[in-house]
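Novice: Once you've had a glance at the structure underneath, I'll fire off some questions.
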Amino acid sequence: MKINMPNTENIGVAERVAESPQERKELIDLLGFEITRLEADQQRPGWTRWALVGTFASCIWLFIQQLDANLSRISWCNVFFLFFVCSFSWEVLNSVQQFLARSSNQGGRKAGFWFTQVIFSGARLVVVFKCLEKLSWLTIVWKTPFLKHDLFFWLAVSIFALSASAALIFLVISYCKHKMAFGDDKPHWPISVVNVLGSLIVGCIAARFLHTAISHIVQFSFPDLRLSLLLFAMALIIPLLLIDKIHLPFVAALLDLRRQIAMQEVTCEFGKRQAANFFKGMGTKEAFQDDVDGVLSKYRMAAASLDVVVKDAEVLIPSKESEANDSHESILAPLVREIPKRLDLVSGQLKEADEAKSTFKATISVYGWLAPSIKPELQTLFEAVEASCTATKQLVQDKIESVRDRLKASNTVLTNFNSE
């Protein structure tokens with residue numbers, strides 16, 4: 001993760017003097033505490049990388065032993081089906097636990113914005129594994145001969161296919177610099193309804209597969225069960241190994257920020273903003289600053305193009321018969337014909353600016369729907385942008401009408417001059 005630090009030369013002496021040493025020390029201590037907490041989460045007792053590697057190697061060793069001792073008695077169809085039932089049931093239980101923990105939260109926290117390229121970069125290998133896992137589940141369900149092709153079967157196939165597709169989309173998004181809102185404790189009610197219905201459907205599917213496994217328990221041998229449990233254990237360990245260093249980019253970025261604050265290369269105010277972005281995400285204005293600048297710049301570009309046209313019209317085109325002379329017929333008449341085309345180009349720029357504003361409004365609406373806690377801030381931001389755009393557009397349109405009026409007067413002047 002990269003922090004964009006300002007140039008040290010831009011930090012004035014007055015800003016340094018205004019900061020108290022105690023304020024700087026408290027900020028450094030806060031960053032040190034957060035770094036220690038992240039490192040502690042990364043090195044939890046019993047979940048070290050060496051313990052995970054050792055456990056994974058032991059599972060492989062036991063798996064090979066079971067193959068060597070019971071190869072003739074193993075039914076791979078049963079092994080993979082039991083592995084699927086264990087893995088799918090475990091994931092359903094985890095989802096239910098996370099849903100209950102989230103629904104019991106009291107809320108009140110606003111959503112923050114992070115760039116997907118930053119926060120998802122450490123999870124790409126996990127996403128690839130999850131995609132392969134869902135594809136393996138899909139293959140197992142499809143190939144298991146004793147599964148009936150009923151409603152639950154097709155629901156499972158559809159859910160696993162959608163999950164694998166979503167993982168691939170997630171992987172693509174992780175390489176794009178796109179902002180997303182996270183941390184809203186009060187999601188929109190349709191999202192909650194979809195979560196509840198989805199959980200119920202997935203729970204029913206898991207119950208159906210468990211019932212199928214129990215009803216066919218007589219055909220499952222102990223070697224089949226042991227191999228399936230070993231595969232299940234390895235499937236649990238692999239994601240833990242892949243996310244072992246997921247917090248390291250954040251720790252490195254916080255260390256860099258703390259070092260620059262301690263060496264007074266940045267102000268405390270800047271350090272606080274950066275720390276807030278790490279822990280709570282970017283604020284609404286900061287997250288959409290580029291979008292706002294993009295919309296406003298299109299209106300300013302149209303206004304700047306029109307200013308050139310207005311200047312040429314005022315300087316070169318006669319509005320009175322006393323200003324006309326013989327040179328206007330050969331030199332200025334083509335300009336009179338050219339300026340309407342340039343005005344049409346300015347009108348086209350205004351149209352593009354209006355389309356950009358409409359796109360921005362749609363984007364704001366989507367984010368407000370997904371994160372209701374920041375909807376008022378998003379509406380306030382759009383109202384400010386719309387007011388600025390409307391003022392600029394009205395000014396441009398007034399100038400366009402003024403130039404068109406001048407063109408009409410100039411055509412009359414040139415016509416009368418030529419007739420004389």
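Novice: Looking at PHE232, PHE222, PHE209, can you tell me which residue is exposed (fewer than 15 other Cβ atoms within 10 Å of the Cβ), at pLDDT 85 or above and among the hydrophobic types (A, V, I, L, M, F, W, C)?
Specialist: After applying the criteria, what remains is PHE222.
Novice: For SER165, all conditions in the list (1) modelled with pLDDT under 90; (2) exposed (fewer than 13 other Cβ atoms within 10 Å of the Cβ); (3) farther than 16 Å from VAL92 by Cβ hold save one; what is the number of the exception?
Specialist: (1)
Residue-wise test of (1) modelled with pLDDT under 80; (2) touching a Lys or Arg at 6+ places or on another chain (Cβ under 6 Å); (3) under 15 Å from ILE339 (Cα atoms); (4) surrounded by fewer than 15 Cβ atoms within 10 Å (Cβ to Cβ).
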site: ALA275; (1), (2), (3), (4): yes, no, no, no
site: LYS285; (1), (2), (3), (4): no, no, no, yes
site: ASP291; (1), (2), (3), (4): no, no, no, no
site: SER305; (1), (2), (3), (4): no, no, yes, no
site: LEU316; (1), (2), (3), (4): yes, no, yes, yes
site: SER322; (1), (2), (3), (4): yes, no, no, yes
site: SER327; (1), (2), (3), (4): yes, no, no, yes
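Novice: Still on this structure: Might you let me know whether the range 87-104 holds any residue that is exposed (fewer than 12 other Cβ atoms within 10 Å of the Cβ), closer than 30 Å to VAL366 by Cβ and modelled with pLDDT of 80 or more?
Specialist: Yes; the residues of the range 87-104 include at least one that is exposed (fewer than 12 other Cβ atoms within 10 Å of the Cβ), closer than 30 Å to VAL366 by Cβ and modelled with pLDDT of 80 or more.
Novice: Please state which of the following conditions LEU162 fails to meet, knowing it meets all the rest: (1) within 23 Å of PHE115 (Cα to Cα); (2) without any contact (Cβ under 8 Å) to a residue 24 or more places away in the chain.
Specialist: (1)
Novice: Right, here's the next one. Look at the range 23-77 and say how many of its residues are at pLDDT 80 or above, in a helix (DSSP H, G or I) and among the polar types (S, T, N, Q).
Specialist: Within the range 23-77, residues that are at pLDDT 80 or above, in a helix (DSSP H, G or I) and among the polar types (S, T, N, Q) number 6.
Novice: To continue, here is another question. Name the residue, out of LYS361, LYS375, LYS357, LYS408, that is part of a helix (DSSP H, G or I), closer than 30 Å to GLY112 by Cα and modelled with pLDDT under 85.
Specialist: Sole residue among the options that is part of a helix (DSSP H, G or I), closer than 30 Å to GLY112 by Cα and modelled with pLDDT under 85: LYS375.
The values are calculated or read from the model by the stated rules, or taken from the named source; none is laboratory data. Note that the structure is predicted; figures quoted are calculated from it, not measured. Glycine also receives a Cβ, built like all others from the backbone with ideal geometry; neighbour counts cover every protein chain displayed.
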